1. With viscosity set to 1.306 mPa s and temperature to 10 °C, compute the Stokes-Einstein D of the range 51-167, Rh being the Kirkwood radius across alpha carbon pairs; µm²/s, no decimals.
2. Picking from 45, 166, 130, whose Cα lies most toward the positive end of the charge dipole for the chain (charges on Cβ: Lys, Arg +1; Asp, Glu -1)?
3. Could you state the principal axis extents of the C-alpha atoms in the range 151-292, from the largest down, to the nearest angstrom?
4. List the residues whose amide H sits under 5 Å from the amide H of residue 186, counting only those 5 or more places along or on another chain, with H placed 1.01 Å from N in the peptide plane.
5. Search the structure for amide H atoms under 5 Å from the amide H of residue 174, placed 1.01 Å from N in the peptide plane, and list their residues when 5 or more places away or on another chain.
6. Any chance you could get the radius of gyration and Dmax over the Cα atoms of the range 1-96, in Å?
7. Give the angle, between 0 and 90 degrees and rounded to the nearest 10, that separates the Cα long axis of helix 94-127 from the longest principal axis of the Cα atoms of the chain.
8. Would you mind computing, in nm to one decimal, how far apart the modelled labels at residue 230 and residue 99 are, each placed 7 Å from Cα along Cα→Cβ?
Amino acid sequence: MGTGNQTYVREFILLGLSSDWDTRVSLFVLFLITYMVTVLGNFFIVLLIRLDSRLHTPMYFFLTNLSLVDVSYATSIIPQMLVHLLIEYKAIPFVSCAAQLFFSLGLGGIEFVLLAVMAYDRYVAVCDPLRYSVIMHGGLCTRLAITSWVSGSLNSLMQTIITFQLPMCTNKYIDHISCELLAVVRLACVDTSSNEIAIMVSSIVLLMTPFCLVLLSYIQIISTILKIQSREGRKKAFHTCASHLTVVVLCYGMAIFTYIQPRSSPSILQEKLTSLFYAVLTPMLNPMIYSVRNKEVKGSWQKLLGQLSGLTSKLAT
């Protein structure tokens with residue numbers, strides 16, 4: 001497949017993390033366990049929210065969306081990475097690479113917008129609790145969730161199209177664990193300044209704008225909490241936001257570090273570690289954070305386990 005003197009690649013080779021067999025086997029076992037924990041953890045969070053009517057609130061509606069995004073993001077990267085850890089020829093077809101970039105980039109964008117939506121939900125809960133149910137009604141929550149999914153998907157579609165229109169010539173070795181945006185752009189045999197500008201603009205729109213909204217929400221939340229007279233009231237208000245705030249710090253920190261300045265981007269190793277952080281650790285940690293730090297979720301877990309224990313005892317007798 002070619003045009004003029006240029007030859008265009010039909011597949012890419014992912015160089016991955018290591019060429020040492022023992023290291024790859026160890027990583028395979030580690031990532032497989034982590035992926036299983038991620039899938040099960042997020043599945044049980046969604047199931048718990050569906051089964052317990054006390055969790056049928058806007059906060060947990062958005063948490064359901066976050067869990068679905070986390071599982072989907074991990075699935076877009078980890079299964080292929082596991083396969084590549086066990087084989088020598090780590091090829092990925094052109095179309096599959098484009099699909100992986102679209103889904104991973106899109107789901108990442110959805111998560112950033114969704115975290116901003118969840119910050120607004122926490123802002124209303126703390127700063128205007130008496131009107132919370134009126135403001136955060138079902139219709140608004142649905143529209144906010146749809147906005148998150150649509151905005152992330154549209155940005156990803158645009159970035160994927162302009163990236164894979166670049167002539168890669170004979171460059172087919174991607175020094176990464178997946179078809180990551182910056183890693184693919186680096187393969188182009190033409191000037192990529194316009195792509196880097198597009199990446200920066202989309203990062204500002206889809207990353208920095210939600211981040212600023214989160215920041216503004218928490219400035220208002222902290223200001224309101226400090227005005228609460230009782231220590232117990234302040235503690236309760238803080239715990240309302242603690243889980244979400246922890247997830248925000250995890251998700252936004254490295255993304256801002258990686259994508260805001262493509263020209264002065266970090267080393268290849270740092271990019272790989274960032275991708276691993278998002279694909280492996282973040283989706284696994286999110287349900288744990290909401291389970292450990294959230295009294296309502298812990299209460300629901302205890303209730304569900306009690307019901308299961310009672311059912312088991314009846315069956316045994």
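Rule-based calculations on the coordinates, nothing more; no lab input. None of these values were measured; they are calculated from a predicted model. A quick note on method: Cβ atoms are made from the backbone with ideal geometry, for glycine too, and the neighbour counts reach across all protein chains shown.
1. The Stokes-Einstein estimate is 98 µm²/s.
2. Looking along the dipole axis, the top candidate is 130.
3. 66, 26, 26
4. Distant-sequence amide H within range of residue 186: zero hits.
5. Amide H to amide H, under 5 Å and 5 or more residues apart or across chains, residue 174 pairs with 13, 14, 15.
6. Answer for the range 1-96, Rg first and Dmax second: 19.3, 65 Å.
7. Value to nearest ten degrees: 30.
8. 5.6
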